[in-house]
Amino acid sequence: MRVLFVCLGNICRSPLAEGLFLHQLTLNGRPHRYEVDSCGTGNYHIGALPDLRTRRNAESNGVVLTHRCRQIIPEDLERFDLILPMDGNNLKNILALPNAEQHRHKITLIRTFDPKAEHSDVPDPYHGTEEDFQEVFEILNRSIAGLIRHLEGQA
Ligand code: 4NP
């Protein structure tokens, strides 16, 4: 099972989602069958580590992020079984890739799995404060737990 998290820059939300998915699976202490990655629909930060604010926030919550930014490619739609954009703009950008309609059934907004979702988007924290980064952490922590319950058949 291959899971891909997608945001705009691939330096704030989606690398954190990827790190939290692996972190929570490890905490569950069960062997798992997931391959996980993240990418951005934009190309601004290719090769970069996650934003320092995202890394500091994640580390203060016990999660170390080492992902290197990459941009989505059309082949990702073939390769991955589940593609999870952070917001409606990322979803729209993914659906604009060649042959995306063929893979529409694999693509779902991540907050579909947030039991406390007040909004369908994970807000972009790039121009925000430390509190905004912590809010993103909490949203993704809940969403990833919900996603794992769903995938493991406990939803
Ligand atoms: P992300 O946040 O999509 O969560 O990685 C952003 C990071 C960088 C930019 C926008 C959003 N940017 O415009 O550079």
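The values are calculated or read from the model by the stated rules, or taken from the named source; none is laboratory data. A quick note: this is a predicted structure, and the numbers were derived from the prediction, not measured. In this analysis, Cβ positions are derived from the backbone assuming ideal geometry, glycine residues included, and neighbour counts consider all displayed protein chains. All accessible areas refer to the heavy atoms of the entire protein, side chains included, with ligands and DNA or RNA removed. Shrake-Rupley method; radii C 1.70, N 1.55, O 1.52, S 1.80 Å.
Structure values in brief
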quantity: Calculated SAXS-style log₁₀ I(q)/I(0) at q = 0.20 Å⁻¹ - the stretch 89-155, Debye, Cα scatterers; calculated: -0.90
quantity: Accessible area expressed per residue, the stretch 92-155, with surrounding protein chains retained (probe 1.4 Å, Å²); calculated: 59
quantity: Label-point separation in nm, GLU131 to HIS150, each point 7 Å along Cα→Cβ; calculated: 3.0
quantity: Over the chain: helical MRE at 222 nm, DSSP H runs n ≥ 4 each giving -39500 (n - 2.57), nearest 500; calculated: -12000 deg cm²/dmol
quantity: Debye equation applied to the C-alpha atoms of the chain, log10 I(q)/I(0) at 0.14, 0.16, 0.18 Å⁻¹; calculated: -0.62, -0.83, -1.07
quantity: Whole-percent carbon and sulfur share, accessible surface of the chain, 1.4 Å; calculated: 49
quantity: Share of alpha-carbon pairs per 5 Å distance bin for the stretch 1-56, given as whole %; calculated: 5, 20, 26, 22, 14, 9, 3, 0
quantity: Linear extension gain, ASP81 paired with GLU59, 0.36 nm per residue minus alpha-carbon span; calculated: 5.0 nm
quantity: Mean Cα-pair separation over length for the stretch 8-155, i.e. relative contact order, pairs under 8 Å, 6 or more apart, %; calculated: 26
quantity: Proximal charge balance of HIS103 [Cβ under 13 Å; K/R count +1, D/E count -1]; calculated: -1
